[in-house]
Each structure stands twice: as C-alpha cells, then as structure tokens.
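Note sheet for the following structure.
Please treat every number below as a calculation from the coordinates, not as lab data. No experiment lies behind these values; they were computed from the predicted model shown. Note that each Cβ is placed from the backbone with ideal geometry, even for glycine, and that neighbours are counted across all protein chains shown.
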C-alpha cells in the first residue's frame with residue numbers, strides 16, 4: 001500500500017465506508033478502531049442520523065468532538081445526551097413553520113406524516129406525547145384542533 005499520499009488513502013477508506021451504507025454497528029466499530037491510535041481525532045460523520053446517534057453517544061465518553069454534516073434528527077439537538085456533537089445541517093424541526101404555513105394557505109385540516117420509525121426520528125414525538133399525559137390543557141387543545149371535541 002502506498003503511504004506517500006495519505007489523502008488518497010483516506011479517500012479510499014471513505015469510499016469503502018460509503019459503500020457499506022447506513023450501518024450503526026459499522027460506525028461504532030470504525031470509531032473504536034480509530035480511537036486508540038494517535039493523533040487526536042475529530043469524528044466527521046455522514047448524513048445518516050442513526051449512525052450519528054450511535055457514534056455521538058459513545059464518543060462523549062472519550063470527549064471526542066463529532067461533526068455530522070447532514071444528520072437532521074430532532075433528537076440530536078439534546079445537548080445533555082450529545083454534548084460533543086455538532087452538525088452543519090439544522091434539525092428537521094426547522095421546517096415546521098413552513099409546513100404549518102403551507103397547511104394554512106391551502107386550508108388543510110388533516111395531514112399525514114410518513115417518517116422512518118427509528119428512535120432518533122420519533123423521540124421528539126414521544127416526548128410531546130408524554131406532555132399530553134401530564135398537561136390536560138394540551139390534550140384538550142390537541143383534541144379540539146383535531147375536531148374530536
């Protein structure tokens with residue numbers, strides 16, 4: 001293997017990992033293999049939120065900085081859970097005001113949202129659902145807005 005061009009070697013490694021797809025286990029394995037070899041690392045991850053979640057949760061144990069360029073899961077905004085994670089792509093919730101305006105413009109009263117059923121995508125929804133259980137006022141408002149009452 002030619003070690004005179006470290007960039008070419010890195011690009012080959014990135015291409016190999018890209019071809020493997022969105023595998024959280026592979027992401028964690030690569031992190032552990034690189035973790036114990038110098039120099040200090042910044043983990044630059046792909047746009048897959050599930051891999052980013054797995055690696056960022058483990059990376060905080062070693063105080064490693066993690067940069068995810070395209071992970072958009074709202075769960076990744078939890079600084080207590082992901083203190084060393086940074087991303088260049090905003091959370092998917094940034095689109096909510098636009099979605100609401102679109103629904104208002106066309107006077108839609110019912111919508112359906114299809115999403116991937118991974119923890120990183122539904123955790124925000126589950127958190128809001130728990131709020132309905134402890135805040136009856138919100139439950140009543142939610143039901144009223146859904147024409148149930």
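Remark: spin-label model distance residue 42-residue 16 equals 2.4 nm, labels positioned 7 Å along the Cα→Cβ axis. Fully extending the segment from residue 8 to residue 111 would add 32.3 nm, taking 0.36 nm per residue of separation and subtracting the current Cα-Cα distance. Under 13 Å from a label point set 7 Å out along the Cα-to-Cβ vector of residue 61, the amide N atoms of the stretch 1-39 belong to 28-29, 31-33, 35-36. For residue 33 and residue 80, the FRET efficiency from 1/(1 + (r/R0)^6), where r spans their Cβ atoms and R0 equals 30 Å, is about 0.60.
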